[in-house]
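Q: The structure that follows is given in the form of structure tokens.
The values are calculated or read from the model by the stated rules, or taken from the named source; none is laboratory data. Just so it is clear, the model here is predicted, and its values are computed rather than measured. Here the Cβ positions follow ideal geometry from the backbone for every residue, glycine too, while neighbour counts run over all protein chains shown. All accessible areas refer to the heavy atoms of the entire protein, side chains included, with ligands and DNA or RNA removed. Shrake-Rupley method; radii C 1.70, N 1.55, O 1.52, S 1.80 Å.
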Amino acid sequence: MVGRLIQTTINGTVYRHEVEPRLLLVHYLRDVLGLTGTHIGCETGLCGACTVLFNGVAVKSCMVLAVQADGGEITTIEGLAREGTLHPVQEGFWVKHGLQCGYCTPGMILAAYQLLLRNPQPTVEEIRHGLEGNLCRCTGYQHIIEAVRYAADKMKGSAP
Ligand code: FES
Ligand code: FES
């Protein structure tokens, strides 16, 4: 293998690895780092199951090469809870029944998290628009929207 050394900060921890230039970020997270909360659905950029935050922006990690993440900062679903306490977005999905099989959930939560960072009190239409790149086969989306509204209310006036 002709590898390239990359350094990334993932959920606050610095990692250095030599990786193949063709390795996708989603495979780096899952297979090299064991962060399997990031799911793989379509691998074509359509479903959003692999969504992570890359330098604060929600990206589909099946559309990013690991080498492109060199020097970057990434948040995965494993990085949202703090000291055993769910993040309000995670709590919202739980309380409002925003998941069934849970396959889409990590990506949905990270997309919702980014939406609330940019727009702390989104309307229903804005939530729908913010999550339209993420597909769910199970919930019919209404509970997901309620989960995001729950999180927005809970986060009001507090740090994200
Ligand atoms: S697995 Fe990346 S968008 Fe579907
Ligand atoms: S909860 Fe099953 S795909 Fe969304």
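Q: Take the alpha carbon atoms of the stretch 91-118, find their center, do the same for the stretch 26-53, and report the distance between the two centers in whole angstrom.
A: Taking the Cα centre of the stretch 26-53 as reference, the centre of the stretch 91-118 is 15 Å away.
Q: Between Rg and the Kirkwood Rh of the chain, both from Cα atoms, what is the Rg to Rh ratio?
A: Over the Cα atoms of the chain, Rg/Rh equals 0.98.
Q: Taking only protein heavy atoms into account and a 1.4 Å probe, give the accessible area per residue of the chain in Å².
A: Solvent-accessible surface per residue comes out at 52 Å².
Q: Based on C-alpha coordinates, I'd like the Rg and Dmax of the stretch 18-87, in Å.
A: 11.8, 37
Q: With the Cα gyration tensor of the stretch 72-160 giving a ≥ b ≥ c as the square roots of its eigenvalues, does the rule (a/c under 1.5 for rounded; else a/b larger than b/c for prolate; else oblate) give rounded, prolate or oblate?
A: Cα axes put the stretch 72-160 in the rounded bin.
Q: Order these peptides, 59-72, 122-135, by their mean beta-carbon neighbour count within 10 angstrom, highest first.
A: Ranking, from highest mean packing down: 59-72, 122-135.
Q: Something else about it: What aspartates and glutamates could a cross-link reach from LYS60, if we take a straight Cα to Cα line under 15 Å and drop same-chain neighbours fewer than 8 places away?
A: The qualifying aspartates and glutamates are GLU43, GLU73, GLU132.
Q: Under a Cβ-Cβ cut-off of 15 Å, what is the net charge of the residues other than LYS60 that fall near it, where Lys and Arg count +1 and Asp and Glu count -1?
A: With Lys, Arg at +1 and Asp, Glu at -1, the neighbours total -1.
Q: Using a 7 Å offset from the Cα along the Cα-to-Cβ direction at both LEU46 and GLU91, what is the distance between the two label points in nm, to one decimal?
A: Between LEU46 and GLU91, the label points sit 3.7 nm apart.
Q: Rank GLY3, ALA69, VAL124 by how far each Cα sits towards the positive end of the charge dipole of the chain (+1 on Lys, Arg Cβ; -1 on Asp, Glu Cβ) and give me just the farthest.
A: Comparing the listed Cα positions along the dipole, VAL124 ranks first.
Q: Based on the Cβ-Cβ distance of LEU5 and ASN55, what FRET efficiency does E = 1/(1 + (r/R0)^6) give at R0 = 22 Å, to the nearest 0.05? Intermediate results must be reported in sequence, preceding the final value.
A: Details: r = 19 Å, r/R0 = 0.88.
Computed FRET efficiency for LEU5 and ASN55 comes out at 0.70.
Q: Taking a point 7 angstrom from the Cα of GLU78 along the C-beta vector, which residues in the stretch 1-30 have backbone N less than 12 Å away?
A: Counting only backbone N, you get 10-15, 28-30.
Q: Carbon and sulfur together cover what percent of the accessible area of the stretch 52-114 at a 1.4 Å probe radius?
A: 53 percent
Q: Below 20 Å, Cα to Cα, which aspartates and glutamates can LYS156 reach? Residues fewer than 8 away in the same chain don't count.
A: Counting by Cα, and skipping residues close in sequence, LYS156 has these aspartates and glutamates nearby: GLU91, GLU125, GLU126, GLU146.
Q: Sort 79-91, 99-111 by packing, meaning the average of other beta carbons within 10 Å per residue, with the highest value first.
A: Order by mean packing, descending: 99-111, 79-91.
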